Amino acid sequence: MHEEHRAAAGVPDERVALRRRIAELEALEARHQEAEAKLARLASFPEQNPNAVIETDAAGRVTYLNPVAQAQFPELWREGFAHPILRGVEAILAGFQSGERAYVAREIESGNAIYEEKICYTREDDVVRLRVYVHDITRRKLAEAAIQKLAKRVVFAQEAERHRISRELHDEAGQALTALKLSLELLMADLPSDTDVLRQNLHEAVALTDTTRERIRSLARGLRPPALDTLGLNLTLEAFCRDFARRTQLAVQYEGAEVEGLSDAMTIALYRVLQEALTNVVRHAQATGVEVRLVHDARTVQLIVADNGRGFDGSMESAVPGGELAGIGLQGIQERLELFGGRLEVASSPGRGTRLLVHLPLEERA
């Protein structure tokens, strides 16, 4: 009787133990499958990749680091999204989850290093996963900075040489031609009345001297307008637009204000940009009119050049027929602006003209 009671009483205990064992086996199988899945995921990462590869879940927990990542950022296991290399990833994840995008490329600084990151988002069976590929671009950035610094020095040297040549043309050659003209006029005044042919020849020589002197003055102004040193940027740009309109028959309307705080290098940069922009209009835009504006606030100066020409589809490569790169002009403008931390925006569409917007910070970048 007692044995039967113990047997009867033991049945529920055995069932509980069996269910517990089954649950343990199911959990073990689940962990095994999860481990296999994780191994499969890890196998998809290039273990020999020379760059760091990181994987996290939606909560910021790191679930995988390849060998390079483990060597470079061992604190990631503990810090997750709090680690400097993943700074701002939470906000990016929110954008991913809202469906805005599934991939982001960015540059980020950590310590003395600069990294290029490619952040990928996947969602499988409601499981969110982020993969972050990290490439150290510090050396490349330092090289780019060195190249840009050298390019800036080259531009400064070119402008200094232009300034010197302009001054010599204006002062020495211009004065010599003026003296020559006066000598010819004095000689012509002393000629007897019966020397009409010689007088005509001298008259033509005087006219040629005047023409040559004007060409030299124009060349000197193109190299370095003296007005920049005496009148300032605003009046110089206004005079240039007026002279450009006279020479090309293009209707150029200018509106501007003087800008305080511009370095000499930035002043000449804006002048060169306007030169190139208006030259591009004449060469390529088939425009009849251009509006030029110089505006500024406390931090930025803007130069706007808008024409009523044929326009293009908005890409730099389409700016010129035949596939030339924006007449090289837009590229040259962009490169010149980058030396000072500036940028160029181009807005255009076929048949609706082109608008160039130049941004230049008033605090010159070192």
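Data overview
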read-out	value
Among the candidates Asp210, Asp243, residue that is surrounded by 12 or more Cβ atoms within 10 Å (Cβ to Cβ), in the same structural domain as Ala306 (by TED's automatic domain parsing) and of a type in the set (D, E, K, R)	Asp243
Condition check for Thr236: in the same structural domain as Phe340 (by TED's automatic domain parsing), in contact with a Leu (Cβ under 6 Å, 6 or more places away or on another chain) and of a type outside the set (A, V, I, L, M, F, W, C)	yes
Search result, residues across the range 54-78 that are hydrophobic (A, V, I, L, M, F, W, C) and under 22 Å from Phe96 (Cα atoms)	Ile54, Ala58, Ala59, Val62, Leu65, Leu76
Residue count for the range 71-123, restricted to those that are closer than 15 Å to Tyr133 by Cα and of a type in the set (Asp, Glu)	4
Which numbered condition Ala146 misses (of (1) modelled with pLDDT of 85 or more; (2) not assigned by TED's automatic domain parsing to the domain that holds Ile54)	(1)
Test result for Gly256, surrounded by fewer than 17 Cβ atoms within 10 Å (Cβ to Cβ) and assigned by TED's automatic domain parsing to the domain that holds Ala287	no
Ala269 in a helix (DSSP H, G or I) and not assigned by TED's automatic domain parsing to the domain that holds Ile333	no
Scan of the range 267-317 for residues that are crowded, with 16+ Cβ neighbours inside 10 Å, farther than 19 Å from Gln331 by Cβ and of a type in the set (Ser, Thr, Tyr), ordered by number	Thr267
Residue among Ala176, Ala91 that is loosely packed, with under 11 Cβ neighbours inside 10 Å and among the small types (Gly, Ala, Ser)	Ala91
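Residues checked against (1) modelled with pLDDT of 90 or more; (2) over 15 Å from the mean Cα position of the chain (by Cα); (3) crowded, with 20+ Cβ neighbours inside 10 Å:
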| position | (1), (2), (3) |
| --- | --- |
| Val320 | no, yes, no |
| Gly332 | no, no, no |
| Gly353 | yes, yes, yes |
| Arg365 | no, no, no |
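The values are calculated or read from the model by the stated rules, or taken from the named source; none is laboratory data. In this text, all values refer to a predicted model and were calculated from it rather than measured experimentally. Counting neighbours? That spans all protein chains shown, and the Cβs are built from the backbone with ideal geometry, glycine included.
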